[in-house]
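What follows draws every value from the coordinates through simple rules; no lab data is involved. All values derive from a computational prediction rather than experimental measurement. We place every Cβ from the backbone using ideal geometry, glycine too, and count neighbours over all the protein chains shown.
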Amino acid sequence: MLKNRKGFTMLEMLIVIGVIAMLLTLIVPNLSKKQELINSKGCEALLETINTQVYLYYVDTGKYPNTIDTLLNDNYLKKEQTSCNDKKITLKDNVATLE
């Protein structure tokens with residue numbers, strides 16, 4: 001008589017693990033490449049936000065801020081918005097740039 005055995009054979013498990021390993025070798029390198037792009041896009045967005053705050057400061061006070069610290073002290077920026085990826089953000093000619 002044939003018995004109905006439920007479960008996977010060792011060969012089926014090895015095939016599944018092999019397929020998963022191949023997929024991981026294709027996906028993981030692409031994710032690490034995308035991380036660099038994501039970081040740079042995040043910095044670009046932060047610079048645009050700071051440039052908007054520079055303009056708002058000008059609208060409110062009638063003059064441009066001298067430094068990022070001026071925006072920070074007048075609550076136009078938060079402390080964590082003064083750097084991006086360990087690079088300091090500064091103002092040059094009233095435009096935010098990375099050092």
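Quick one: which of LYS41/LYS87; LYS33/LYS87; LYS63/LYS88; LYS41/LYS63 span more than 26 angstrom between C-alpha atoms?
From LYS41/LYS87; LYS33/LYS87; LYS63/LYS88; LYS41/LYS63, over 26 Å: LYS41/LYS63.
What ranking, highest mean first, results for peptides 61-71, 23-33 when packing means the other Cβ atoms within 10 Å averaged over each residue?
61-71, 23-33
Once phi is turned into θ = phi - 60°, what whole-Hz ³J(HN,Hα) does the Karplus curve with 6.51, -1.76 and 1.60 give for every residue of the range 86-97, x standing for Gly and Pro?
6, 10, 7, 9, 10, 9, 10, 6, 6, 10, 6, 9
Once you put a point 7 Å from the Cα of LEU31 and another 7 Å from the Cα of GLU80, both along the Cβ direction, what distance in nm separates them?
It is 2.3 nm.
Report the charge-dipole magnitude of the chain in Debye, nearest 20, computed about the Cα centre from +1 at each Lys and Arg Cβ and -1 at each Asp and Glu Cβ.
The dipole of the chain has a size of about 780 debye.
Expressed as an acute angle from 0 to 90° and rounded to the nearest 10, what is the orientation of the C-alpha long axis of helix 10-61 relative to the principal long axis of the chain?
10 degrees
Report the calculated FRET efficiency for GLU12 and ASP60 (r = Cβ-Cβ distance, R0 = 41 Å), to the nearest 0.05.
0.05
Show the residues, 5+ positions off or on another chain, whose built amide H is closer than 5 Å to the amide H of CYS84.
Long-range HN contacts for CYS84: ILE89.
Once phi is turned into ³J(HN,Hα) by the Karplus curve 6.51 cos²θ - 1.76 cosθ + 1.60 with θ = phi - 60°, what whole-Hz value does each residue of the range 68-76 show in order, with x for glycine and proline?
Karplus-based 3J(HN,Hα) across the range 68-76 equals 5, 4, 4, 5, 5, 5, 8, 6, 8 Hz.
Please give the calculated 222 nm ellipticity per residue for the chain, where each DSSP H segment of at least 4 residues contributes -39500 (n - 2.57) and the sum is spread over every residue; nearest 500 deg cm²/dmol?
-21000 deg cm²/dmol
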